[in-house]
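Everything below concerns the one structure shown next.
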Amino acid sequence: ILPTGSKDPFALRRAALGYLRLVQANGLKLSIDTVVHAWDSQPRADLSSKLADFLVDRLAVQLRDEGVRHDYIGASRDWDGGTDMRIDRIEARARALSAFLATDDGANLLAGYKRAANILKKEGWERDAAEPLSYTPEKAENDLAQALELAAPKAVDCVKYERFEDAMAALASLRNPIDRFFDSVVVNAPEADIREARLALLARFRNAVHQVADFSRIEG
């Protein structure tokens, strides 16, 4: 039974911190589902998921004193459609994200992401498929599309191989293109085809960012 509130009769919070310290001190890349399987002699996806969530919450408390915000942990906790079973990977990703967002490129990219996400939310826009353009795009629009062509697959590849600093660097290359896009391009153009193409481009940008970390969970 996991602890609730201030009650923790089995000292599970202390045990979780002990587990985290063992992982960190020894550089372990240990998957929680493997641990649960070894303990229970059978795979237990439900238990693995609950335990992973509990350990991630403890990690957020532990790293708070080191300046790694809890929302950075939240933005880094997903892997393959669920909570990452490797706590070391969540920590590495969150630390890379924390360092990135402390830079001008990171802070400005986050601002661009939030602006794009707010526009897409307001429009209820989910599609990001690249449709053939029925018009000649503006330079800033075309520059953003080209930057995404380069940065998005690079970011995905870097995350796959757990090169999180490199993944952040790939995102940094989108900072100037997204700034110029918002400076000179009218997203809600009166022509429906132009408006839809520009919304789809912003959705591509949003989704490229999400391949590295879930910026929607970042506060402020």
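Close amide-amide hydrogen proximity is noted between W79 and D84, each under 5 Å apart and 5 or more residues distant or on a separate chain (H modeled in the peptide plane; Pro and chain starts excluded). Working from label points 7 Å from Cα in the Cα-to-Cβ sense, the A102 to D183 distance is 2.8 nm.
Legend: Rg and Dmax of segment 125-211, from Cα coordinates, 13.4, 43 Å.
Computed extension length for Y135-E196: 20.8 nm, one decimal, from 0.36 nm per residue of separation with the Cα-Cα distance subtracted. Pairs with C-alpha atoms separated by more than 27 Å, drawn from the list K114/K139; K29/K50; K7/K160; K29/K154; K7/K29, are K7/K160; K7/K29.
Solvent exposure of the chain amounts to 55 Å² per residue of accessible area, where only protein heavy atoms count and the probe is 1.4 Å. Computed from the C-beta positions of Q146 and N118 and an R0 of 22 Å, the FRET efficiency is 0.35 to the nearest 0.05.
Per residue, the average separation of C-alpha pairs within less than 8 Å and at least 6 apart gives segment 66-220 a relative contact order of 37 percent.
In a solvent-free Debye calculation with one equal scatterer on each Cα, what is log10 I(q)/I(0) for the chain at q = 0.10 Å⁻¹, listed in the order of the q values? Log10 I(q)/I(0), no solvent term: -0.53.
Helix content alone sets the calculated 222 nm mean residue ellipticity of the chain: runs of n ≥ 4 DSSP H residues at -39500 (n - 2.57) each, divided across all residues, give -21500 deg cm²/dmol. A simple rule links phi to the HN-Hα coupling: the Karplus curve 6.51 cos²θ - 1.76 cosθ + 1.60 with θ = phi - 60°, which for segment 37-46 gives 4, 5, 6, 9, 6, 6, x, 9, 4, 5 Hz, with x for Gly and Pro.
Phi-derived couplings, Karplus 6.51 cos²θ - 1.76 cosθ + 1.60 at θ = phi - 60°, listed residue by residue for segment 170-187: 5, 5, 4, 5, 8, 4, 5, x, 6, 5, 5, 4, 5, 6, 10, 10, 8, 5 Hz, with x used for Gly and Pro.
Counting only protein heavy atoms and a probe of 1.4 Å, the accessible surface of the chain is 52% carbon and sulfur.
The values are calculated or read from the model by the stated rules, or taken from the named source; none is laboratory data. The model shown is predicted, which means the values in this text are computed figures rather than measured ones. In this analysis, Cβ positions are derived from the backbone assuming ideal geometry, glycine residues included, and neighbour counts consider all displayed protein chains. For the accessible areas, the whole protein counts, side chains as well, though only heavy atoms, and no ligand, DNA or RNA atoms are used. Shrake-Rupley method; radii C 1.70, N 1.55, O 1.52, S 1.80 Å.
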